[in-house]
Amino acid sequence: MKVTDYFERSQGQTLISFEVLPPLKGGSMQDIFDILDPLMEFKPPFVDVTYHREEFVYKMQETGYYEKTAIRKRPGTVGICASIMHRYGVDAVPHLICGGFSKEETENALIDLQFLGINNVLALRGDARQFEDKFIPEPNGHKFAVDLVKQMQEMNQGIYLDTNIDKGSKTDFCIGVAGYPEKHFEAPNLDQDIQYLIDKVKAGASYIVTQMFFDNEKFFEFVDKCRAAGIMVPIVPGLKPLTRKYQLNSIPRKFFINFPEALVKEVAKADEKNIKQIGIEWCIQQSKELKAKGVPCLHYYTMGDAETTIKIASSL
Ligand code: FAD
C-alpha cells in the first residue's frame with residue numbers, strides 16, 4: 001500500500017514509523033531483524049531503509065603514490081526492503097539518491113523495485129562525497145532531488161528513458177521527499193528552500209519527511225510556512241533522541257540544526273551516564289506534543305538502537 005494511503009486511512013490517528021540503516025559490510029539481514037523485531041509491536045505501517053553511496057579512500061601503493069579507490073561500506077536497499085516486506089508484511093520504503101547514479105542506473109533500480117512490489121520511495125539528492133566540497137552528480141545523473149522525482153513520475157506515466165519502449169507499463173510509485181524545518185544548509189534562506197520544496201511537490205512528491213529537529217516550534221513554523229506557500233501534502237516529523245554528550249556538537253555539525261537552550265543546559269550539567277535518559281525524555285515530550293497537534297506520523301531514526309526507540313514509542 002502507499003504511504004499516503006496509510007495516512008488517509010488512519011482517520012486522524014498519528015502513526016509510528018521507523019528508519020533503519022543497512023548494516024555495515026560483514027553484517028547480515030539478521031542485524032536489521034534484531035532492530036525491527038521488537039519494534040513491530042508498535043505496528044509501523046512502513047519502515048524506511050537509508051541508502052549509503054560508495055566513498056572514496058586513498059590507499060598508498062608500493063610506489064609510494066596514493067590510489068583513489070571507491071568502497072561501499074553498506075549494501076544497497078532493494079534486497080533489504082524485499083526481506084523486510086516478506087518477513088513482517090509491512091511496506092518498506094527505500095531511500096533512492098541522485099548521487100552515484102546515472103539516469104539509466106536510476107531507471108534500472110526503479111524497475112527492480114517495481115518488480116518486487118516496492119512502490120514507495122523517498123527521493124533524495126544525497127550529500128557530497130567525503131573529500132569533495134560540493135555535491136557532484138554522476139555524468140548523465142540528476143543534480144537535484146526534483147529531477148529524480150520527475151523521472152519517477154514519468155515512469156508512473158509509462159515513459160522510460162529508452163524511447164523504443166513506447167508502451168512501457170506504468171509504475172505506481174508513491175514518492176516522498178525531504179524537508180528541512182531549519183533549512184537545508186546550502187539554501188540561501190528558508191523561504192527559498194521552501195520554493196524548491198514546492199517544485200518537488202509539483203513534480204509529483206506526495207509527502208514530506210523532515211530532517212530531525214529538537215525544537216518543535218521550528219517544525220510548527222516550517223509547516224505553517226509550507227501551508228502558506230501552498231504545500232498541502234502530509235509533512236512527517238523526523239525524530240532522533242540525543243544519546244551522548246558529544247552530540248551537542250556533532251549533530252549540528254553534521255545535520256545543520258540547532259539545539260534549544262533548555263536542552264543544551266540540561267545536557268551540559270549532567271553526567272554522561274544520564275544523557276541517554278535526558279534525550280529519551282526530551283524526545284517523548286516532543287513526540288507527545290507533535291501527536292497532540294495531529295501530525296500524520298512520528299518517524300523515528302533508530303540509528304541501530306532499538307532499545308531507545310522502544311522506550312520512546314512505548315510511552316506514547
Ligand atoms: P534537494 O531537494 O535536491 O536540495 C538540495 C539543495 O539544493 C537544497 O539546498 C535546495 O534548497 C537546493 N535546490 C533544490 N533545487 C534547486 C534548484 N533547482 N536550483 C538551485 N538549488 C536547488 N542522504 C543519503 O545519502 N541517504 C539517505 O538515505 C538519506 N536519507 C534522508 C532522509 C531524510 C528524511 C532527510 C531529511 C535527509 C536524508 N538524506 C539522505 C540526506 C540528504 O541526501 C541531504 O540532506 C542532501 O544534501 C539533500 O538532499 P535533498 O533531497 O533534500 O536535495
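The values are calculated or read from the model by the stated rules, or taken from the named source; none is laboratory data. Quantities reported herein were computed from a predicted structural model and do not represent experimental measurements. Neighbour counts are summed over all protein chains in view; Cβ atoms, including those assigned to glycine, are modelled from backbone coordinates with ideal geometry. What goes into the accessible areas is simple: the full protein's heavy atoms, side chains included, and nothing from ligands, DNA or RNA. Shrake-Rupley method; radii C 1.70, N 1.55, O 1.52, S 1.80 Å.
If D305 satisfies all but one of (1) buried (at least 17 other Cβ atoms within 10 Å of the Cβ); (2) within 23 Å of L36 (Cα to Cα), what's the number of the condition it fails?
Failed condition: (1).
Tell me which residues, restricted to the range 242-258, are more than 16 Å from the ligand (Cβ to nearest atom) and in contact with a helix residue (DSSP H, G or I) (Cβ under 7 Å, 6 or more places away or on another chain).
L242, T243, R244, K245, L248, listed by residue number.
With the condition kept exactly as written, say whether any residue in the range 111-118 is assigned to a loop (DSSP other than H, G, I, E, B) and away from the ligand (no atom under 16 Å from the Cβ).
yes
Could you please find all residues in the range 86-103 being under 19 Å from P23 (Cβ atoms) and open to solvent by 40 Å² or more (accessible area, probe 1.4 Å)?
H86, R87, Y88
Go through (1) within 16 Å of the ligand (Cβ to nearest atom); (2) within 19 Å of the chain's Cα centre (by Cα) for I71 and report which single condition fails.
(2)
What are the pairs, 6+ residues apart or on separate chains, where a residue within the range 45-66 that is farther than 30 Å from L15 by Cβ and open to solvent by 30 Å² or more (accessible area, probe 1.4 Å) has its Cβ under 9 Å from a residue that is within 11 Å of the ligand (Cβ to nearest atom) and outside any strand (DSSP E or B)?
Note: pairs meeting the criteria are E54/G100; E54/R129; E55/R129; F56/R129.
Pairs needed: first member in the range 142-166, on the phi > 0 side of the Ramachandran plot and of a type outside the set (D, E, K, R); second member anywhere, open to solvent by 30 Å² or more (accessible area, probe 1.4 Å) and not in a helix (DSSP H, G or I); C-beta distance under 8 Å; at least 6 residues apart or different chains.
Within 8 Å, the pairs are G158/K167; G158/S169; G158/K170.
Yes or no, residue by residue, for (1) more than 8 Å from the ligand (Cβ to nearest atom); (2) farther than 11 Å from V233 by Cβ; (3) in contact with a Cys (Cβ under 9 Å, 6 or more places away or on another chain); (4) basic (K, R):
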site: K170; (1), (2), (3), (4): yes, yes, no, yes
site: A178; (1), (2), (3), (4): no, yes, no, no
site: D199; (1), (2), (3), (4): no, yes, no, no
site: G204; (1), (2), (3), (4): yes, no, no, no
site: F213; (1), (2), (3), (4): yes, yes, no, no
site: N216; (1), (2), (3), (4): yes, yes, no, no
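Within the range 187-215, track down each residue that is under 16 Å from R125 (Cβ atoms), free of Cβ contacts under 8 Å to residues at least 24 places away in the same chain and charged (D, E, K, R).
Selection gives D193 alone.
Within the bounds of the range 102-110, is there any residue that is modelled with pLDDT of 95 or more and in contact with a His (Cβ under 8 Å, 6 or more places away or on another chain)?
Checking the range 102-110: at least one residue is modelled with pLDDT of 95 or more and in contact with a His (Cβ under 8 Å, 6 or more places away or on another chain).
Table: residues versus (1) assigned to a loop (DSSP other than H, G, I, E, B); (2) at positive phi; (3) out of contact with any Cys (no Cβ under 6 Å at 6 or more places or on another chain).
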{"residue": "F219", "(1), (2), (3)": "no, no, yes"}
{"residue": "R227", "(1), (2), (3)": "no, no, yes"}
{"residue": "G238", "(1), (2), (3)": "no, no, yes"}
{"residue": "F259", "(1), (2), (3)": "yes, no, yes"}
{"residue": "N274", "(1), (2), (3)": "no, no, yes"}
{"residue": "Q277", "(1), (2), (3)": "no, no, yes"}
{"residue": "Q286", "(1), (2), (3)": "no, no, yes"}
{"residue": "G294", "(1), (2), (3)": "yes, yes, yes"}
